[in-house]
Every structure is written in C-alpha cells, then in structure tokens.
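The values are calculated or read from the model by the stated rules, or taken from the named source; none is laboratory data. Note that this is a predicted model, so its numbers are computed, not measured. As a convention, Cβ positions derive from the backbone with ideal geometry for all residues, glycine included, and neighbour counts pool all protein chains shown.
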Amino acid sequence: MKAYWLNKENNENLIVFFAGWSFDENPFKNIACKNYDVIIIYDYNDLSLPAELNNLFEYKNKILITWSMGVYAAYLHKGLFENFDKKIAINGTIFPVDDKYGISVKIFELTLKHAQTGLKEKFYKNIFHTQEEYEKYLQNPVQRSIENRVSELENLYKDIKNNLVKYEKFYDYAVVSEFDKIIPPKNQTESHKKNNTPCTILPYGHNLFYNFNSWEEITQLCR
C-alpha cells in the first residue's frame, strides 16, 4: 500500500481513507479537509500497511472511511482500527469477489481479463452516476500507470482467493449507492445484513465523492 497526506496540520481529528482499486490521491484533492488531518491509502499491489499509519495514537478523534476494494483492504488490518470512533464502508464489502456478497466471480474475471482496455475507455465513466461527476474527475484524474493498476487488480484477486474472510461485525456503518454499476447494490446490502452493519442507501453511483464538499460531510452520512 501507498499513503498520501491530503492534509497534515497536527489537528486532533484524523480521517484514514482507503481508496478503491486503480485510484490514487489526485481525484480527492478538491474535497475540503477543514479541521481534519486526512491520509489516503491506495495501491494494493502490496497489502502491507504503509509506515505512515504507525503513529495514529496521537490523534484524539479517529475515523476510518473505506471505499470499494478499500473496504476489503482495511478489513485485513482490522486490529489497527478497532478503537476508531467510527468505521464506515462505502460501496464495498469484505467479500469483494462473491456471487452473493460482492462482484460475481464471472464478472470480476472478465473485468480482470480486459482491465487494460477498460481503464483506457469506460471504467471511469461507469463508476459515476452523472456526466458532470465524470467531467469533474477528468480535471484531476488518476496519475498511476495502466500497468500498475492492472497488476494491482491481479494481486488483489490472488489475495482474495487465498483469504478466508469470516462473517463478523467490524464496520459501524455502511453506505450503498443505488446506482452502483460496479458492485451490485443488492449484494452489498446482503453482505452488510449478514455482518449486522447498519446501511444507508443513497441515490449515487459507485464513486459518490463529488457530491460532497468536505470530508466532514462524508463522516456524517451515517449516524
């Protein structure tokens, strides 16, 4: 994993954000941090935690926000986040490739097979609900190489197949977008129900972040 501080001003409030597959910090730079230090975790070619997460104890208030594949990646290190004040899963599950609780195996393997082409063409269009959101993304797009993003998906799938994740409560809240084209909303809600996680349904696409002006707004999605 890699880490990038979107904001680090010695605030007493911290947000740790695990991004989805194929992302980096760039598309999130326009979301206001306000009185939060915000660190983004991304690039799951290596699922080891970055050194930047070693000293979280110094913060008074800590919130974990995870999105898409980041929901799974953060869950692998759940012990580090157990004492966080709030843990939110957005448009993702701890079973990211699963016919009932995530992306179906067939669809995921097709995505993986054609990942290079998809990343060049329609993948990023599909993750948004509106053309306006997609155009906002194009102002600050991901800067990682195509090859790096494809290998990330390959490595994630290897890990997912080798890990036997248990059904258990970890996240305090979940957010599901009803227009999510990446992970079926029904499968997400079934997964959160299985894990006894309260779930909020919102009228957005897989990437909903351009509908909010600040990270503080995002923390308030679930109460």
Qualifying residue in the range 184-204 (condition: of a type outside the set (Asp, Glu), buried (at least 16 other Cβ atoms within 10 Å of the Cβ) and closer than 20 Å to TYR42 by Cα): no
Members of the range 29-42 that are more than 12 Å from the chain's Cα centre (by Cα), not acidic (Asp, Glu) and not in a loop (DSSP other than H, G, I, E, B): ALA32, TYR36, VAL38, ILE39
Criterion violated by ILE160 - all others in (1) modelled with pLDDT of 95 or more; (2) outside any loop (DSSP other than H, G, I, E, B); (3) of a type in the set (A, V, I, L, M, F, W, C) satisfied: (1)
Count - residues of the range 9-25 that are assigned to a loop (DSSP other than H, G, I, E, B) and under 8 Å from the mean Cα position of the chain (by Cα): 3
Scan of the range 81-140 for residues that are among the β-branched types (Val, Ile, Thr) and surrounded by fewer than 20 Cβ atoms within 10 Å (Cβ to Cβ), ordered by number: VAL105, ILE107, THR111, THR117, THR130
Lone qualifier among PHE84, PHE95 - being in contact with a Phe, Trp or Tyr (Cβ under 9 Å, 6 or more places away or on another chain) and either over 21 Å from ALA3 (Cα atoms) or assigned to a loop (DSSP other than H, G, I, E, B) (or both): PHE95
Yes/no for LEU76 being aliphatic (A, V, I, L, M) and either within 26 Å of GLU135 (Cβ to Cβ) or more than 15 Å from the chain's Cα centre (by Cα) (or both): no
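For (1) touching a Leu at 6+ places or on another chain (Cβ under 9 Å); (2) in contact (Cβ under 8 Å) with a residue 12 or more places away in the chain; (3) not in a loop (DSSP other than H, G, I, E, B), each residue gets a yes or a no:
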residue: THR111; (1), (2), (3): yes, yes, yes
residue: TYR137; (1), (2), (3): no, yes, yes
residue: GLN143; (1), (2), (3): no, yes, no
residue: SER151; (1), (2), (3): no, yes, yes
